[in-house]
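J.: Just dropping this structure here.
The values are calculated or read from the model by the stated rules, or taken from the named source; none is laboratory data. Here the structure is a predicted model, which is why all the values come from computation and not from measurement. Please note: Cβ atoms are built from the backbone with ideal geometry, for glycine as well, and neighbour counts cover all protein chains shown.
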Amino acid sequence: MKYRVIEIFTSIQGEGEVLGIPSNFVRLATCNLRCVWCDTKYSWEAGTEMTEEEIISKIDKRIKTTTITGGEPLLQNILPLVKELKKLGHKVIVETNGTVKPSKELRKLVDVFSVSPKLSNSGHKINYNFKDDDWATYYKFVVVYPNKDIDEIVKFVESQSIDPSKVILQPDGNRKDYINAILEIVQVLLSRGLQFRVLPQFHKILNIR
């Protein structure tokens, strides 16, 4: 199996429930969306073709967590790659925009599906359906306009019957006043008594990828 790969590196997981965990990262090429605030636009490119064996040869074998990200990784058949990683005893995290549903076989193997549904602030209007098939480990939303975006998130969560404990909010990573961006979200949540979590993008604070 050949994959179109943008980059392979090792760093600290910067987002979601897995924040702070050392991880290998395999960034796959291409995406079916073009979010206006995307901070990895270079992942929209064609990438370099690599087999799963070539990919695994490039990761740090001491690190037993591997994150498959993009772009949108579920546009490619990642099942063979995931199977090889599981043979090595890896915890596998898949970061996805949620527009492509994983197969039942893939769901059994992947440890964490970090799903980031796109709000209107992305420049897209997407009709998601998680109410009938809630396969996400957690949902991660990028907040650009706190009041407006959180209104939209509340409606999304209610319409999809999502457990609020699975919802994570994070600020727009392009904000130069990043700490203030986090505080703005916190203030809105506290003022409205909402039970969502707010987490930073750890790699933004550390200024690493």
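J.: I need the full set of residues from region 163-181 which are within 18 Å of the chain's Cα centre (by Cα) and surrounded by 13 or more Cβ atoms within 10 Å (Cβ to Cβ), in order please.
T.: Residues satisfying the conditions are 164, 166, 167, 168, 169, 170, 171, 172, 173, 174.
J.: May I pose another question? As an exercise: evaluate residue 30 against (1) hydroxyl-bearing (Ser, Thr, Tyr); (2) over 25 Å from residue 199 (Cα atoms); (3) outside any loop (DSSP other than H, G, I, E, B) and give the number of the one condition it does not meet.
T.: (3)
J.: Would you be able to tell me the number of residues in region 56-90 that are part of a strand (DSSP E or B) and surrounded by fewer than 17 Cβ atoms within 10 Å (Cβ to Cβ)? Break it down into steps so the answer makes sense when it comes.
T.: Within region 56-90, the first condition is being part of a strand (DSSP E or B), and the residues that meet it are 65-69.
From what's left, surrounded by fewer than 17 Cβ atoms within 10 Å (Cβ to Cβ): none.
Final tally of qualifying residues: 0.
J.: For region 142-187: of the residues being of a type in the set (Ser, Thr, Tyr) and in a loop (DSSP other than H, G, I, E, B), which is nearest to residue 108 (Cα to Cα)? Break it down stepwise before answering.
T.: Our first condition is that a residue be of a type in the set (Ser, Thr, Tyr); within region 142-187, this holds for 145, 159, 161, 165, 178.
Subset that is in a loop (DSSP other than H, G, I, E, B): 145, 161.
Working: 145: 36, 161: 23 Å.
Only one residue fits best here, namely 161.
J.: Give the residues of region 112-141 that are touching a helix residue (DSSP H, G or I) at 6+ places or on another chain (Cβ under 7 Å) and outside any loop (DSSP other than H, G, I, E, B), sorted by residue number.
T.: Those that are touching a helix residue (DSSP H, G or I) at 6+ places or on another chain (Cβ under 7 Å) and outside any loop (DSSP other than H, G, I, E, B): 112, 114, 120, 121, 138, 139, 140, 141.
J.: In this structure, is residue 40 at positive phi and in contact with a Lys or Arg (Cβ under 9 Å, 6 or more places away or on another chain)? Can you show your working first?
T.: Values: at positive phi: no; in contact with a Lys or Arg (Cβ under 9 Å, 6 or more places away or on another chain): yes.
No.
J.: Can you tell me which of 190, 194 is in a loop (DSSP other than H, G, I, E, B) and either at pLDDT 95 or above or closer than 27 Å to residue 111 by Cα (or both)?
T.: Details: 190 fails: in a loop (DSSP other than H, G, I, E, B).
After applying the criteria, what remains is 194.
J.: Can I ask one more? Looking at (1) closer than 28 Å to residue 75 by Cα; (2) touching a residue at least 60 places away in the same chain (Cβ under 8 Å); (3) out of contact with any Asp or Glu (no Cβ under 6 Å at 6 or more places or on another chain); (4) hydrophobic (A, V, I, L, M, F, W, C), can you tell me which one residue 206 breaks?
T.: Status for residue 206: all satisfied but (1).
J.: Restricting to region 96-122, name every residue that is without any contact (Cβ under 8 Å) to a residue 60 or more places away in the chain and buried (at least 19 other Cβ atoms within 10 Å of the Cβ). Explain how you work it out, then say what you get.
T.: Within region 96-122, the subset without any contact (Cβ under 8 Å) to a residue 60 or more places away in the chain is 96, 98, 101-111, 113, 115-117, 119-120.
Matches in region 96-122: 96, 98, 102, 106, 110, 113, 115, 116, 117, 119.
J.: Here is a further query. Just to be sure before I move on: is residue 49 farther than 25 Å from residue 124 by Cβ, of a type in the set (D, E, K, R) and part of a strand (DSSP E or B) in the structure I sent?
T.: Numbers: farther than 25 Å from residue 124 by Cβ: yes; of a type in the set (D, E, K, R): yes; part of a strand (DSSP E or B): yes.
Spelling it out, residue 49 is indeed farther than 25 Å from residue 124 by Cβ, of a type in the set (D, E, K, R) and part of a strand (DSSP E or B).
J.: Does any residue of region 38-57 turn out to be under 16 Å from the mean Cα position of the chain (by Cα), aliphatic (A, V, I, L, M), at pLDDT below 95 and more than 21 Å from residue 134 (Cα to Cα)?
T.: no
J.: Would region 140-162 turn up any residue that is of a type in the set (Lys, Arg), surrounded by 18 or more Cβ atoms within 10 Å (Cβ to Cβ) and either under 19 Å from residue 97 (Cα atoms) or out of contact with any Phe, Trp or Tyr (no Cβ under 9 Å at 6 or more places or on another chain) (or both)?
T.: Narrowing region 140-162 to residues of a type in the set (Lys, Arg): 140, 148, 155.
Still in the list and also surrounded by 18 or more Cβ atoms within 10 Å (Cβ to Cβ): 140.
Filter again for either under 19 Å from residue 97 (Cα atoms) or out of contact with any Phe, Trp or Tyr (no Cβ under 9 Å at 6 or more places or on another chain) (or both), leaving 140.
Yes.
J.: Does residue 42 meet the test of being part of a helix (DSSP H, G or I), of a type in the set (Ser, Thr, Tyr) and either touching a strand residue (DSSP E or B) at 6+ places or on another chain (Cβ under 9 Å) or surrounded by 21 or more Cβ atoms within 10 Å (Cβ to Cβ) (or both)? Talk me through it step by step, then tell me what you get.
T.: Details: part of a helix (DSSP H, G or I): yes; of a type in the set (Ser, Thr, Tyr): yes; either touching a strand residue (DSSP E or B) at 6+ places or on another chain (Cβ under 9 Å) or surrounded by 21 or more Cβ atoms within 10 Å (Cβ to Cβ) (or both): yes.
Yes; evaluated as a whole, the condition is true for this residue.
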